Amino acid sequence: MLGGFGSINHMIVTLRNNKKLMPNRRSYFKPSSYQVIKAEYNKAAGATFNFKKATPAQLKKIRACIIQKRKREARNFVIIICVAIPLIGFGIFKTFQSFSFSTQKTDEQSIKAKNEEQYMFYIKDGDSWLLKQHYFNAVFQYKKALQLFPSDFEANYRLALAYSYRCQYDFEDCGIGMKLTQKLEDQFPSNQNIKKIKSVFVHWGE
């Protein structure tokens, strides 16, 4: 019984001694200041901090090194800025140029598609009027098609054909039709259809 009490007493004493060795609980939650750390160091080491004072020459040298370092950093910063700004500007310019070109190309494609759609409408409508023997209306629609694509062969050929019917049945536009047919024949001398149209003007235009 006494032996057990001695062991318990020894354990209690050991815990008390360990607790004394531990720092104050507030130090875990409250940051220590420089003065507190200094005091704890002096207490543990039994001495004071030994601060070696720099001489004026050493301070001057340190100051010169700091100034030189700052100048070098400033110079490097200026160099980086001088290199970065043109690169950034060039990148922005290329991006804007690419966007503008893409937008312009899209607009041109859209306009071309719209013109082609209108062109086909005028050609088909002109053919419809030609079949109905309304030659004046056919001529009008073919001219509309040629305003969109002046060099298009089909529109020029149909217009010459409509002029030939106008010349043959309405006795009008013979001279205009003959000039257009002659122009087409110069461009396509082996085209037999153009020669047939020209024969109409030769016969009815006299």
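Residues whose amide H lies under 5 Å from that of GLU172, counting only those 5 or more places away or on a different chain, are CYS167; hydrogens are built 1.01 Å from N in the peptide plane. Excluding same-chain neighbours fewer than eight residues apart, the aspartates and glutamates reachable from LYS124 by a Cα-Cα span under 17 Å are GLU116, ASP152, GLU154.
Length gained on full extension, ILE80 to ASP152, computed as 0.36 nm times the residue gap minus the Cα-Cα distance: 20.1 nm. Applying both filters, DSSP loop and at most 10 other Cβ atoms within 10 Å, to the chymotrypsin sites (Phe, Trp or Tyr not before Pro) of region 170-206 gives PHE171. The residues SER190, SER128, when put in order of fewest to most other Cβ atoms within 10 Å, stand as SER190, SER128. Derived scalar couplings between HN and Hα for region 185-202 equal 5, 5, 7, 10, x, 9, 7, 6, 5, 5, 4, 5, 5, 4, 5, 5, 5, 5 Hz in order, rounded to whole Hz, by the Karplus curve 6.51 cos²θ - 1.76 cosθ + 1.60 (θ = phi - 60°), x for Gly and Pro. Derived scalar couplings between HN and Hα for region 118-135 equal 5, 4, 5, 5, 5, 5, 5, 5, x, 4, 4, 5, 5, 5, 7, 6, 9, 5 Hz in order, rounded to whole Hz, by the Karplus curve 6.51 cos²θ - 1.76 cosθ + 1.60 (θ = phi - 60°), x for Gly and Pro.
Using a simple spin-label model with pseudo-atoms 7 Å out from Cα toward Cβ, LYS60 and ILE176 lie 10.2 nm apart. Over 26 Å apart at the Cα level, from the set LYS112/LYS179; LYS112/LYS132; LYS132/LYS195; LYS114/LYS183; LYS143/LYS179; LYS144/LYS183, are LYS112/LYS179; LYS112/LYS132; LYS114/LYS183.
Here TYR165, TYR142 are placed in order of increasing Cβ neighbour count within 10 Å, fewest first, which gives TYR165, TYR142.
No value in this document is a laboratory result; all are computed from the given coordinates. Since the model is a prediction, treat every value here as computed from it, not as a measurement. Quick reminder, even Gly has a Cβ in these numbers, built from the backbone with ideal geometry, and neighbours come from all protein chains shown.
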